Amino acid sequence: MITIDHFAVRFSSRERAERIFAHCLGMRKLRSFTIGSEISAAFFGLDVSIEILVYGEEKRIVEAFILPDGGSIPPPTHVCLKVPDLARILDKAQELGLEIRKTLVGDHEVFFLKDDDENLYEMKQG
């Protein structure tokens with residue numbers, strides 16, 4: 001079964017992310033981290049470091065990508081899917097001619113698929 005692990009959206013400031021997720025929806029900020037420009041470039045085509053705020057309850061639900069110059073930078077929005085057989089999905093994506101983006105993050109490879117309409121899907125073994 002394929003399940004949604006999380007989704008990611010862009011915000012121009014931490015305050016705007018807090019306004020919707022913490023103040024309106026009552027979600028807890030679980031953690032924050034920054035991805036370097038090399039990872040950002042590999043997955044999103046953005047040569048900038050990005051601060052990410054993670055909101056949810058027991059586990060993450062949403063990642064808020066903070067990009068202060070939001071108007072001129074394409075959004076790194078995506079949905080992360082947990083799939084039962086990642087290798088099979090990646091093989092099928094390659095057969096279909098879909099763009100596969102991968103890079104090493106820490107000690108593991110992370111994969112994104114890009115569809116014909118420019119949507120991004122982070123893929124995880126689930």
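Look at the range 97-126: where a residue is touching a residue at least 12 places away in the same chain (Cβ under 8 Å) and among the hydrophobic types (A, V, I, L, M, F, W, C) and a partner is in a loop (DSSP other than H, G, I, E, B) and surrounded by fewer than 12 Cβ atoms within 10 Å (Cβ to Cβ), sitting 6+ places away or on another chain with Cβ atoms under 9 Å, you get L98/D116; L113/N119. Answer yes or no: is there a residue in the range 17-26 that is touching a Phe, Trp or Tyr at 6+ places or on another chain (Cβ under 6 Å), farther than 24 Å from E109 by Cβ, touching a residue at least 40 places away in the same chain (Cβ under 8 Å) and not in a strand (DSSP E or B). Within the range 17-26, one or more residues are touching a Phe, Trp or Tyr at 6+ places or on another chain (Cβ under 6 Å), farther than 24 Å from E109 by Cβ, touching a residue at least 40 places away in the same chain (Cβ under 8 Å) and not in a strand (DSSP E or B).
Of the residues making up the range 87-110, at least one is touching a Ser or Thr at 6+ places or on another chain (Cβ under 9 Å) and not hydroxyl-bearing (S, T, Y). Where residues in the range 89-126 are in a loop (DSSP other than H, G, I, E, B) and either of a type in the set (S, T, N, Q) or under 19 Å from I35 (Cβ atoms) (or both), which of them is modelled with the highest pLDDT? Result: D107.
The values are calculated or read from the model by the stated rules, or taken from the named source; none is laboratory data. For clarity, every value in this text was computed on a predicted model and none was experimentally measured. Cβ: placed from backbone, ideal geometry, glycine included. Neighbour counts: every protein chain shown.
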